[in-house]
Amino acid sequence: IFGPIGLAFAALLAWLMANSLAPRRLLLRAVRTGLARGEFEVRYQPVIDLANGACIGIEALVRWAHPRWGDVGPAAFIGIVENDPLIVPMTHSLVERALDDLHTHRVPPHLHLAINLSPRHLQNRQGVNELTRLLRTHARGRGVIAEVTERQLFDDRRAALASFEQLRAIGVRFALDDFGTDRNTLSPLQAFHFDFLKIDQGFVAELEYGRTDLVRGIVALARQIGLTVIAEGIESTRQHERLLELGVEFGQGYLHGYPMTAARLARWLVAEPRGDGGDGGDGLDTS
Ligand code: C2E
Ligand code: MG
Ligand code: MG
Ligand code: MG
């Protein structure tokens with residue numbers, strides 16, 4: 001009845017079920033359970049003024065403290081969650097936790113909180129309304145920067161633009177994350193109003209070997225359109241120095257501080273400024 005094409009199709013379908021659909025559903029179900037059980041945690045990485053080492057803000061990065069799988073980084077799950085409506089409640093629980101954590105640990109409110117916002121979230125009207133309410137009630141005067149990648153930003157451009165405006169109206173600023181890693185890299189700068197441009201760690205890594213032209217070009221572009229540059233993934237003093245020479249004011253990376261628990265961040269802040277890589281470890285210790 002099926003014939004060779006039908007059989008090939010059935011085989012393909014079986015392969016898809018086995019290799020992508022089912023694991024995707026399983027992962028989403030596990031994330032849902034993990035959220036309900038409070039298994040998701042937030043780590044905080046300091047953002048530094050490169051000229052003097054002072055901390056100017058903090059980026060919140062999610063970690064999954066899974067009871068059996070251990071400490072799971074976002075690379076393993078965020079791509080799938082970002083393509084599901086689940087990203088909205090997940091982000092809200094992380095943002096609420098982050099703002100409360102920083103408040104509880106007396107992290108000074110002049111240090112901004114940067115959060116990673118999925119473009120899908122920005123295209124969800126109800127999600128953005130909820131986020132607006134959440135920031136109103138929990139920011140307590142702290143500045144919030146929404147980091148967005150250009151991936152999927154244009155899927156529903158009108159909705160995303162409206163969300164930018166709505167969040168901007170309550171003081172949220174925007175950073176274009178991982179700049180230079182996708183195609184059409186200039187179109188988001190044309191279509192959306194960003195305040196910051198984050199240079200991807202790939203370009204920072206190149207500085208180690210003396211390749212400065214791309215960072216130089218990105219800095220010139222940012223200056224031209226009035227954006228502040230933040231470098232990501234600074235791991236060596238050589239990279240730090242080259243960034244300063246190239247006119248990059250702000251940055252973050254293992255050289256200055258790993259993503260850490262709020263308690264650790266609070267202790268780190270008391271001890272800064274220093275450039276020895278913080279107190280090490282990206283682990284899940286809750287000390
Ligand atoms: P990102 O926003 O570009 O975050 C920077 C990533 O670089 C983080 O990885 C951070 O831990 C890592 N990093 C920081 N300093 C260094 C360094 O000196 N060297 C190297 N090699 N890496 C460094 P992480 O935490 O694994 O996050 C990966 C990505 O997952 C993030 O990239 C972001 O796009 C996404 N992500 C993280 N947390 C969230 C979240 O709460 N929501 C959403 N939607 N995405 C998130
Ligand atoms: Mg980011
Ligand atoms: Mg980035
Ligand atoms: Mg990155």
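Numbers below:
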quantity: With at most 13 neighbouring Cβ atoms within 10 Å, loop trypsin sites (Lys or Arg not before Pro) (DSSP) excluded, longest segment of the chain; calculated: 212-273
quantity: Ratio Rg/Rh, restricted to the chain and using Cα atoms, in which Rh is the Kirkwood radius; calculated: 1.01
quantity: Karplus (6.51, -1.76, 1.60) ³J(HN,Hα), θ = phi - 60°, over region 61-70, in Hz, Gly and Pro reported as x; calculated: 10, 7, 9, 10, 8, 7, x, 10, 7, x
quantity: Folded to 0 to 90 degrees: helix 22-36 orientation relative to the chain principal axis, Cα; calculated: 50
quantity: Angle in degrees between helix 157-169 and the longest Cα principal axis of the chain, rounded to the nearest 10; calculated: 40
quantity: Farthest positive-ward along the chain dipole, Cα basis, beta-carbon charges - from Thr185, Leu244, Pro67; calculated: Pro67
quantity: Paramagnetic reach from Ala159 in region 23-40 [backbone N under 12 Å; point 7 Å along Cα→Cβ]; calculated: none
quantity: Net charge of Cβ neighbours under 13 Å - reference Gly210; Lys, Arg +1; Asp, Glu -1; calculated: -1
quantity: Estimated dipole of region 98-171 in Debye, rounded to 20 [Cβ of Lys and Arg +1, of Asp and Glu -1, Cα centre]; calculated: 200
quantity: Solvent-accessible ranking of Asp155, Asp178, largest area first, probe 1.4 Å; calculated: Asp155, Asp178
quantity: For region 61-100: rounded, prolate or oblate by the Cα gyration tensor [a/c cutoff 1.5]; calculated: oblate
quantity: Portion, in percent, of the accessible area of the chain that falls on carbon or sulfur, probe 1.4 Å; calculated: 54
quantity: Helical mean residue ellipticity (222 nm; -39500 (n - 2.57) per DSSP H run of 4+; nearest 500) of the chain; calculated: -13000 deg cm²/dmol
quantity: In degrees, nearest ten, helix 3-16 long axis to first principal axis of the chain (Cα); calculated: 40
quantity: Three-way shape call for region 61-205 based on the alpha-carbon gyration tensor, with the a/c threshold at 1.5; calculated: rounded
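The values are calculated or read from the model by the stated rules, or taken from the named source; none is laboratory data. Note that the structure is predicted; figures quoted are calculated from it, not measured. Cβ sites come from the backbone with ideal geometry, for glycine too, and all protein chains shown count toward neighbours. The area values use the complete protein model at the heavy-atom level, side chains included, leaving out ligands, DNA and RNA. Shrake-Rupley method; radii C 1.70, N 1.55, O 1.52, S 1.80 Å.
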